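All of the numbers you see were taken from the coordinates with simple rules; none came from a lab. The structure displayed is predicted, hence computed values, not measured ones. All Cβ positions, glycine included, derive from the backbone under ideal geometry; neighbour counts span all protein chains shown.
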Amino acid sequence: AMKDCLEKRHSDETILLDFNPWMYRKAPNLTQVFFEELSRTLAPYSSALASGFMQYVDYILSKENNTWIQLGARLLPQGFKAKSTSEQYKFLEKEIGKLGRKIMIFIDDVDRLDSEELIELFSLIRNSSLSFPNMSYILTYDKEYVASQLQNKFDAHTYRYMEKILQEEYLLAKITPEQ
């Protein structure tokens, strides 16, 4: 209902993205897939922003996963080095501002993910929605299932962890058999 309202009444003010992480369960990196989807969605509005997000995620993932790229970045002359993470962030922040629109990302069926996928998804949200302006995420999930999946990792702090990532919560009323 929220998405329909935004499409019908606020299409000039928002850019909407549906992201279903459970569809990419076999993907080696959910973060990479997310930024590819985001870039495709933003490309008609700003090619600079779309390519900027792809460069950002490539840089982040290469820094995390490839020691050869890390070594090469240290050995190459300054002119050949990629922009730092903070420089890339500033560029993306500026480009998002130029859009003049809010980016709303709908993530459905979060409760289809296992614990590792949930942690990756929450890290992705923490690192982009809390950082980039005008980006919001709307997640739908069964809270008890998600908490049970995160319990092994965060133990007694599971709900506190979720509260740090998921800033607003709207519970849906239980549907009775008559409804």
Pairing a residue in segment 143-164 that is in contact (Cβ under 8 Å) with a residue 12 or more places away in the chain and surrounded by 13 or more Cβ atoms within 10 Å (Cβ to Cβ) with any residue that is aromatic (Phe, Trp, Tyr) and not in a helix (DSSP H, G or I), where Cβ atoms lie under 7 Å and the two sit 6 or more apart in sequence or on different chains, gives none
Among the numbered criteria (1) surrounded by 15 or more Cβ atoms within 10 Å (Cβ to Cβ); (2) over 14 Å from Ile105 (Cβ atoms); (3) of a type outside the set (Val, Ile, Thr); (4) touching a residue at least 12 places away in the same chain (Cβ under 8 Å), which one does Tyr24 miss? (4)
Taking only segment 122-174 into account, find how many residues are aromatic (Phe, Trp, Tyr) and more than 26 Å from Glu87 (Cα to Cα). 6
